[in-house]
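Single-structure report; data block below.
The values are calculated or read from the model by the stated rules, or taken from the named source; none is laboratory data. A quick note: this is a predicted structure, and the numbers were derived from the prediction, not measured. Note that each Cβ is placed from the backbone with ideal geometry, even for glycine, and that neighbours are counted across all protein chains shown.
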Amino acid sequence: MNGIIEVPATWPVPIPLREIFPWAAFAGVLALLLIYFLGAEQGATALISGHYVHEFVHDGRHLLAFPCH
């Protein structure tokens, strides 16, 4: 018995752009929403009245260097 096992080489299968694009667009929209709520909500362009969103993301605003007061 030789003891050597031959394993065929495997190559990664490329993912077509048409399969990546919907997920990239979804991630981009989520990122834009996150940036909006962290950076602009409770300002002149507020969509939600009150200070609930501002207080919820307050520490994140400071962490990302958005001025809030």
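Some observations on this one:
- For region 33-51, filtering for residues that are at pLDDT 70 or above and either of a type in the set (Phe, Trp, Tyr) or exposed (fewer than 10 other Cβ atoms within 10 Å of the Cβ) (or both) leaves 2.
- Residues of region 52-69 that turn out to be in a loop (DSSP other than H, G, I, E, B), surrounded by 10 or more Cβ atoms within 10 Å (Cβ to Cβ) and at pLDDT 70 or above, as a count: 3
- Among the residues of region 1-41, just one is assigned to a helix (DSSP H, G or I) and hydroxyl-bearing (Ser, Thr, Tyr), namely Tyr36.
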